[in-house]
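Structure record follows, encoded as structure tokens.
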Amino acid sequence: MLTLASEIQKFNLEFKVVQSIHHRLAIFIAIAGLSLAATAQRSGVKNPAKSSPGADSVSKLTREQKFVIDTVRMAVALPEPDPQDRLRVLSSAADVVSTIDKKMARSFWSEGARIETELVRLGQTPAVSMMSSGQVDCATALNFVENLPESAVLRAEQSLIGAMTTCPKQTLDPVSRKLDAGLEKRMVAPRALMAAMAAQGERSAWSREHFAKMFSSLPEPQENAAEAENFAAMYMQMSGSVDKDVAAKAGLQFLTWLGKLEDSPLRSLSIRITTGAMQQTLGDEGYRNALQSDIVASTTAQNAGQDREIERPAPEGVSILAAMDSRGTDQTESLRGLPAIDRARAAAAHGFATGTAGDKQLARKYFDIAFSAADEVWEARTPEANAPAVIQEIGEAAAQVDSLNALTRAQKLHDSSAQAIAMLAVARVVASNGVTR
């Protein structure tokens, strides 16, 4: 099932015609400017255009771009007590504003990278990675790598990949050393190792050495079962670049490791990937000889089981198609009995479907429900309920229908972090589609 955000994008072109944006754009943007200025005064925030060092360039921006810039500045100025939320806001703000004001985006990337570094140092996995954006400067990337505890290589895997991709000259060697130190403690980051091997050269001495080292240093199986597919991908990618005896030994070690996992579709897939790569690298006879030398690995290969579909996490969101089918009938009462997270998403889907079809009055009722439920979701937020994603979805859905009203709704959310996330969602839509009402 598609997420609400992705389905909105899919139907965006069709509904643009219905919205008739171009006939009313100038009026709405003027109203937006007044609304933003008034909000800034009420909150005590100085006029960003006047206080910014880059204010001289504001006159060169389009009205939509000014709306986006002002909204981003106000969102970033809001307090986010949780550093993970601050990181989310900075990442989203940088993404939204990067094509309009690169200098502003760089300041967000820089602050975000500092927060990301501190989160990893404290033993947390960053909610998003500024390093992986490809926009962090190389001095910052190098500082991140050099200050990374060796025990954090797996938590910081995506960040390390981003650092190597963005600044290979500066970070490849220090990242490689961190990964090597992690292997010594049986802390394996397979995707980061794959990226380092690609950068070092798959046939380089370093890559061949660390391929063998990785499969002799595999971590505890049950606690790392989710990494089986990544390990298998590593084996398939590299086994043809090392000596056959090394490939055979690594393959047997990995099959033995897989044999300790509980039966699952992921385990079966990983076994099949590995045995297939072994056959291709060693040849049929070499493959048979290798399995005959290790009864445990041979048993694992023979008991892979049938191919089964892997159950991936279900996409979060509500189908726009279902909401479109109910257009013309008021579904607000049926929504009220749903759990808060389902109520927020379903109401946003109905609001988008009815609003873009022209029924703005009913859409407002749906968005009343959606934003009220979003406050409930945020207040009771848990790791399982991705509250920031819910806030972003309803903000984008509302902005597709009426961006000025969506901005007002976003600013009235109870939590300042939720306000910032929703405001940035509105800014993202306006940056793509212009102001709607």
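The values are calculated or read from the model by the stated rules, or taken from the named source; none is laboratory data. Keep in mind it's a predicted model, so treat the numbers as computed, not measured. Note that we place each Cβ from the backbone using ideal geometry, even for glycine, and neighbour counts take in every protein chain shown.
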Please identify the pairs in which a residue from segment 357-371 that is assigned by TED's automatic domain parsing to the domain that holds ASN405 has its Cβ atom under 6 Å from the Cβ atom of a residue that is polar (S, T, N, Q) and part of a helix (DSSP H, G or I), counting only partners at least 6 apart or on another chain. LEU362/THR354; ALA363/THR354; LYS365/THR332
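Would you pick out the residues in segment 366-415 that are of a type outside the set (Gly, Ala, Ser) and not in a helix (DSSP H, G or I)? Give the derivation first.
Here is the first cut: in segment 366-415, the ones of a type outside the set (Gly, Ala, Ser) are 366-369, 371, 375-379, 381-384, 386, 388, 390-394, 396, 400-402, 404-405, 407-409, 411-415.
The answer is ARG381, THR382, PRO383, GLU384, ASN386, ASP402, LYS412, LEU413, HIS414, ASP415.
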Within segment 203-250, count every residue that is farther than 19 Å from ALA290 by Cβ, without any contact (Cβ under 8 Å) to a residue 40 or more places away in the chain and part of a helix (DSSP H, G or I). 9
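What's the total number of residues in segment 203-220 that are out of contact with any Phe, Trp or Tyr (no Cβ under 7 Å at 6 or more places or on another chain) and within 14 Å of ALA233 (Cα to Cα)? First the steps, then the outcome.
Let us first name the residues in segment 203-220 that are out of contact with any Phe, Trp or Tyr (no Cβ under 7 Å at 6 or more places or on another chain), namely 203-214, 216-217, 219-220.
If we keep only those that are within 14 Å of ALA233 (Cα to Cα) as well, we get 211, 214.
Count: 2.
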Taking segment 414-437 and keeping residues more than 23 Å from the chain's Cα centre (by Cα) and modelled with pLDDT of 95 or more leaves HIS414
Criterion (touching a Ser or Thr at 6+ places or on another chain (Cβ under 8 Å), of a type outside the set (Asp, Glu), in the same structural domain as LEU87 (by TED's automatic domain parsing) and under 19 Å from GLN253 (Cβ atoms)) met by exactly one of LEU183, LEU193, LEU179: LEU183
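From ALA374, ALA397, ALA406, grab the single residue that is on the phi < 0 side of the Ramachandran plot, of a type outside the set (Lys, Arg), crowded, with 19+ Cβ neighbours inside 10 Å and more than 22 Å from the chain's Cα centre (by Cα). Break it down stepwise before answering.
Values: ALA374 fails: more than 22 Å from the chain's Cα centre (by Cα); ALA397 fails: more than 22 Å from the chain's Cα centre (by Cα).
That would be ALA406, the only listed residue that is on the phi < 0 side of the Ramachandran plot, of a type outside the set (Lys, Arg), crowded, with 19+ Cβ neighbours inside 10 Å and more than 22 Å from the chain's Cα centre (by Cα).
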Suppose we keep only residues that are of a type in the set (A, V, I, L, M) and under 19 Å from ILE421 (Cβ atoms) within segment 115-146. Which one would you say is nearest to the chain's Cα centre (by Cα)? VAL128
Kindly establish whether GLU384 is surrounded by fewer than 20 Cβ atoms within 10 Å (Cβ to Cβ), among the charged types (D, E, K, R) and under 15 Å from ARG345 (Cβ atoms). yes
Given (1) surrounded by 17 or more Cβ atoms within 10 Å (Cβ to Cβ); (2) under 15 Å from THR299 (Cβ atoms); (3) modelled with pLDDT under 95, index of the condition LEU255 fails: (3)
With ASP95, ASP85 as the choices, which residue is modelled with pLDDT of 95 or more and of a type in the set (Asp, Glu)? ASP85
Taking the condition of being of a type in the set (Val, Ile, Thr) and more than 20 Å from ALA189 (Cβ to Cβ), how many residues in segment 225-284 meet it? 5
Selection within segment 64-80 - in a helix (DSSP H, G or I) and of a type outside the set (S, T, N, Q): GLU64, LYS66, PHE67, VAL68, ILE69, ASP70, VAL72, ARG73, MET74, ALA75, VAL76, ALA77
